[in-house]
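What follows is a single structure, written as C-alpha cells, with notes after it.
What follows draws every value from the coordinates through simple rules; no lab data is involved. As the structure is a prediction and not an experimental result, all values here were calculated from the model. Here the Cβ is made from the backbone with ideal geometry for all residues, glycine too, and neighbour counts use every protein chain on show.
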Amino acid sequence: MNVFGFIKSIFEPAVDLVDELHTSDEEKAQIKNALFGAQSNLLGKVLEYEMRLAKIKASIIQAEAQGQSWLQRNWRPITMLTFLALVVCDSFGLLTFRLADQAWTLLQIGLGGYVVGRSAEKIIPKVMNK
C-alpha cells in the first residue's frame with residue numbers, strides 16, 4: 001500500500017462514522033469538511049516531503065557525476081552493465097543458476113531510470129537554449 005492509500009484508509013472510517021451520527025445534515029457536512037481538510041493537509045505534507053526527498057536524491061546523483069574520482073562518477077553505470085551482463089547470460093542459459101525475479105525488476109528500474117535521466121540530461125539544455 002502506498003502512502004496516499006494509507007492516509008485515505010485512515011480517514012475513510014472516520015468519514016463513514018460521521019454518516020452514522022444522529023445530527024443534522026449541516027453538522028455532518030461540517031465534520032466531513034474538517035476531516036477532508038485534515039486529509040488534504042496531510043497529503044500536502046507528504047507531497048512536500050516527497051519533493052524534498054527527490055531533490056536530495058538528485059543532488060546526490062549530481063554530486064557523484066561531478067566527483068573527482070573515476071569510480072565515484074561511474075559506479076552506477078558499471079552496476080547496471082553488470083546486471084545487464086548477468087541477465088543476458090541468464091537468458092542464454094550461460095549461468096549455473098537462475099536469476100531471481102527481483103534481479104529482472106532491478107534491471108528494469110535501473111535501466112529505465114538511467115535512460116530517462118540521460119535523455120533528460122541531453123534534451124533539457126537544448127530546450128532551455130531555445
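Data for the structure
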{"read-out": "Environment charge of GLU27, counting only residues whose C-beta is closer than 15 Å and scoring Lys/Arg +1, Asp/Glu -1", "value": "-2"}
{"read-out": "With Cα atoms, 0 to 90° folded angle of helix 70-91 axis to the chain main axis", "value": "90 degrees"}
{"read-out": "Lys pairs under 26 Å by Cα in the chain, provided they are eight or more residues apart or on distinct chains", "value": "14"}
{"read-out": "Under the Karplus curve 6.51 cos²θ - 1.76 cosθ + 1.60, θ = phi - 60°, whole-Hz ³J(HN,Hα) for the stretch 53-58, x wherever Gly or Pro sits", "value": "5, 5, 5, 5, 4, 4"}
{"read-out": "Net charge, MET51 excluded, C-beta distance under 12 Å - Lys, Arg +1, Asp, Glu -1", "value": "+2"}
{"read-out": "Karplus-derived 3J(HN,Hα), 6.51/-1.76/1.60, for each residue of the stretch 30-35, Hz, glycine and proline x", "value": "5, 5, 4, 4, 5, 5"}
{"read-out": "GluC sites (Glu not before Pro) restricted to the stretch 8-54 and DSSP loop, no more than 16 other C-beta within 10 Å", "value": "GLU20"}
{"read-out": "Loop-located chymotrypsin sites (Phe, Trp or Tyr not before Pro) in the stretch 1-102, at most 15 other Cβ atoms within 10 Å (DSSP)", "value": "PHE92, PHE97"}
